[in-house]
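Accompanying notes for the structure given below.
The values are calculated or read from the model by the stated rules, or taken from the named source; none is laboratory data. None of these values were measured; they are calculated from a predicted model. Glycine also receives a Cβ, built like all others from the backbone with ideal geometry; neighbour counts cover every protein chain displayed.
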Amino acid sequence: MGEGSGFLMLESLESAQARGAPIWAELVGYGASCDATHITHPGVAGQVAAITMALAEAGLKPSDIDYVNAHGTGTPAGDAVEAASLSAVFGSHLAKMPVSSTKAVHGHLMGAGGAVELILSLLALNQSVIPPTANCRVPDLALGLDVVAEGARSAQLNAVMSSSFAFGGSNAVLIAQRLKVN
């Protein structure tokens with residue numbers, strides 16, 4: 001558990017440009033589901049549904065995602081289900097798509113977690129640096145993930161995904177990408 005908060009300002013492109021505001025990213029996809037599988041044991045179907053909805057709304061293919069900030073609670077059941085969900089959606093792209101979780105740094109912030117993790121995903125996007133999964137020295141190879149461990153990784157990122165999977169099967173996924181300038 002942790003304590004924290006974070007907020008982002010969502011604004012129309014026209015308004016932000018008129019103010020000369022720095023634009024971190026464009027929020028392009030959102031997906032949510034509630035599969036109510038179990039109070040503490042997540043289910044693959046609901047997570048897959050949320051990820052698929054976010055990709056569809058974004059108009060992106062799974063191979064367009066360059067980095068996933070996973071929910072990553074660090075529990076055997078939660079991590080295995082999340083890895084299975086990512087595998088179901090991303091298929092062979094999963095082997096070359098970096099995944100990390102920032103929870104080991106800030107703790108599980110419950111309701112504030114989604115905002116803080118999206119902020120960190122946007123920082124990764126803007127700074128071209130993927131944050132590591134802190135204290136993860138030997139990733140579980142059986143999960144089939146390219147876990148960023150032991151240190152940050154430089155990478156050119158164009159689209160990132162942040163997932164939040166809560167008690168009782170409440171699932172939310174956001175996708176952001178660099179603003180495309182015409």
Pairs where the first residue, in the range 161-182, is under 17 Å from residue 55 (Cα atoms) and hydrophobic (A, V, I, L, M, F, W, C) and the second is modelled with pLDDT under 90 and in a loop (DSSP other than H, G, I, E, B), C-beta under 6 Å, 6+ apart
165/42; 165/71
Return the residues of the range 123-165 that are surrounded by fewer than 20 Cβ atoms within 10 Å (Cβ to Cβ), of a type in the set (A, V, I, L, M, F, W, C) and part of a helix (DSSP H, G or I); say none if nothing qualifies.
123, 141, 142, 143
List, please: which pairs have Cβ atoms under 8 Å, are six or more places apart or on different chains, and start with a residue in the range 24-46 that is without any contact (Cβ under 8 Å) to a residue 40 or more places away in the chain and end with one that is buried (at least 18 other Cβ atoms within 10 Å of the Cβ)?
45/35
Among 70, 95, 54, the single one that is surrounded by 22 or more Cβ atoms within 10 Å (Cβ to Cβ) and at pLDDT below 95 is 70
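Quick check, is residue 5 among the small types (Gly, Ala, Ser) and under 17 Å from residue 118 (Cβ atoms)? So that I can check it myself, show each step before the final result.
Details: among the small types (Gly, Ala, Ser): yes; under 17 Å from residue 118 (Cβ atoms): yes.
Here the answer is yes, as residue 5 does meet what is asked.
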